[in-house]
Amino acid sequence: MVAIPDYEVYFRWVILSHLRLHQFKNHENSSFDFCDKINSISGPNGSGKTNILDAIYTLSNTKSYFNHIDQQLIQFGREEYSLKGLFHSSQFGSNLDLDFLLTLQNKKKSLKKNGKLYSRLLEHIGTIQTVFITPYDISLVFEGSEERRKFIDFTISQIDKNYLLALVDYRKYLDQRNAFLRNNFGRNIDSLVLESFDVKISPIADEIHKARKSFISEFAPLFDENYKFISESIEVPQIEYLSPLNNRTMLSVLEENRASDILSQRTALGVHKDDIEFMLNDQVLKKFGSQGQIKSFVIALKIAQYQYFKKNSQQNPILLLDDIFEKIDAQRSQKLMERMCSNEFGQIFISDTHSERIIEHFKPFDVAQKHFNLVK
Ligand SMILES: Nc1ncnc2c1ncn2[C@@H]1O[C@H](COP(=O)(O)OP(=O)(O)OP(=O)(O)O)[C@@H](O)[C@H]1O
Ligand SMILES: [Mg+2]
C-alpha cells in the first residue's frame, strides 16, 4: 500500500453533488445527485456512460476530453447545449458552494460561476481538477509527441496559471514567425525582423522548458511508485524529457536553424516539438511493451497525475474512471479499487457495462456509494 503523505491533512475537498446535462451528446435532459465517494454508472453500450464522465470533465476544463470541436457536443439536430454542476468545496472546516453553468449557444461558449460570467474561460482552469482514465489513453503511448505534450501541458497548467499564459503567448509568437516565413518565401528576408520574433519567443520558450523539466523531476518518482503498485513487478519504468533546450537556449536553437527555417517556411525546432520518451527496462515501451505493461504504464501516469495535482494544490481532484475493469484483470482491479476507497482519493465516478460487476467490486468497502443504471 502506498503511504499516505503528510500533506493529506491540509487538502481541500471538492465534491460534485449535482449535475444536469441539457442537449449534451445523447443526453436530452439528464440530472444526477451524486454521493461524495463512489458513483458508479452502468448501462448498455451507447447508453451515455462515457458522455456523463465527459460532461464532468467538460464542465471542469471548458473542453471535452474527446471532441475537440465544441459544436460536436451539441445533441444532433439541436442548436445548443448546457451543463450545470453544483460543487461543494471544503477546507479547514469552512464550506463553499460553487455553481457552474457552461453553455454553448450561437457558437459561443460561456461559463458562469455562481451566476457571474467569466470574462475569460482560461480563468476557470485549475478550479476543479479532474483526472480522467479512459481506454483512449493508450494514444499517449502510440500517437505522436503532441499527445504527450498535451498531457504535460494540461497537468502543469492546472497548477500554474503563468505556465498556461506562457503557452498561449508562445503559440501566438510562433504563429507570427511562421506566417512571416511563409509570406516572405523566395524574397530577401530581413534578418532584423526575424530576430525580433526570436527575441520575443526565446524567453517564453526557456520558461516553458524550465517548468517542464521541473515537472518531470517531480512527476517521475510518483509515476515510478505507481507503476510498481499496479504492475506488481520489478520492471524499471522510465520517463525522459526530450527537448533541444535540455542543453541550449531557445535563442541559440533558433539562430542555428535560421537558414533551414527560411527554406522550410516554418520553425522546425523549439518547445513545440518537445516529447517524453516512455521506457521499460531500457526498452522503448511503444515497440517492446506488452499490452498489459502498456495499460499499467498509462494508469500509473494518470494516478501520478492525480497525486501531482493533490500535492501541488492541496485539492482532492475528481477521478473519472471509464471502463477501467476492461483494462486490468480482476485481482489488480480489486487492489486498485481498495486504494480508491481509501482516504487517498476523493470523489470517484466510474463506468462499467455490467451493473453487477461494479456493485460487487465496491460491496466490501465501507464508503458512501451510489449506483446509476442507464437505459438506452
Ligand atoms: N452530438 C451528439 N448527439 C447525439 N448523440 C450523440 C452525440 N455524440 C455522441 N452521441 C451518442 O452517444 C452515444 C455514446 O455514448 P457513450 O460513449 O457515453 O456510451 P457508453 O454508455 O459509454 O457506451 P460504451 O459502453 O460502448 O462505452 C452514441 O450512441 C453516440 O451516437
Ligand atoms: Mg463508454
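The values are calculated or read from the model by the stated rules, or taken from the named source; none is laboratory data. Fair warning: this is a prediction, and the values are worked out from it, not measured in the lab. Cβ coordinates were reconstructed from backbone atoms using ideal geometry, including for glycine residues, and neighbour counts include every protein chain displayed.
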Right, LEU111: within 26 Å of LEU321 (Cβ to Cβ), within 16 Å of ligand 1 (Cβ to nearest atom) and surrounded by 18 or more Cβ atoms within 10 Å (Cβ to Cβ) or not?
no
Residue that is nearest to the chain's Cα centre (by Cα), among those in segment 55-65 that are within 14 Å of ligand 2 (Cβ to nearest atom) and within 17 Å of GLN23 (Cβ to Cβ)
SER64
Just to verify a result, which residue in segment 66-80, among those that are in a loop (DSSP other than H, G, I, E, B) and over 22 Å from GLN129 (Cβ atoms), is nearest to the chain's Cα centre (by Cα)?
ILE69
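Check ILE38, ILE69, ILE74, ILE52 and return the single one that is more than 21 Å from ASN114 (Cβ to Cβ), of a type in the set (Val, Ile, Thr), within 16 Å of ligand 2 (Cβ to nearest atom) and modelled with pLDDT of 95 or more.
Exactly one of ILE38, ILE69, ILE74, ILE52 is more than 21 Å from ASN114 (Cβ to Cβ), of a type in the set (Val, Ile, Thr), within 16 Å of ligand 2 (Cβ to nearest atom) and modelled with pLDDT of 95 or more, namely ILE52.
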Among the listed residues LYS150, LYS161, LYS84, LYS113, which satisfies the condition of being within 19 Å of LYS25 (Cβ to Cβ), of a type in the set (Lys, Arg) and away from ligand 2 (no atom under 16 Å from the Cβ)?
LYS84
What is the one condition in (1) farther than 21 Å from SER60 by Cα; (2) at pLDDT below 95; (3) of a type outside the set (S, T, N, Q) that ASP323 does not satisfy?
(1)
For segment 323-357, which residues satisfy the criterion of being closer than 18 Å to LYS37 by Cβ, within 13 Å of ligand 2 (Cβ to nearest atom), not in a helix (DSSP H, G or I) and not aromatic (Phe, Trp, Tyr)?
ILE350, SER351, ASP352
Is it the case, given these coordinates, that PHE100 is among the hydrophobic types (A, V, I, L, M, F, W, C) and modelled with pLDDT of 95 or more?
yes
Heads up, the strands (runs of 3 or more DSSP E) in segment 81-159 (entirely inside) with at least 1 residues that are under 30 Å from LYS287 (Cβ atoms) are 130-133
Give just the number: which of (1) within 29 Å of ASP323 (Cα to Cα); (2) exposed (fewer than 11 other Cβ atoms within 10 Å of the Cβ); (3) touching a helix residue (DSSP H, G or I) at 6+ places or on another chain (Cβ under 8 Å) does ILE125 not satisfy?
(2)
Near pairs, Cβ below 6 angstrom, 6+ apart or cross-chain, from segment 147-158 (of a type outside the set (Ser, Thr, Tyr)) to any residue that is surrounded by fewer than 17 Cβ atoms within 10 Å (Cβ to Cβ)
GLU147/SER139; ARG148/ASP275
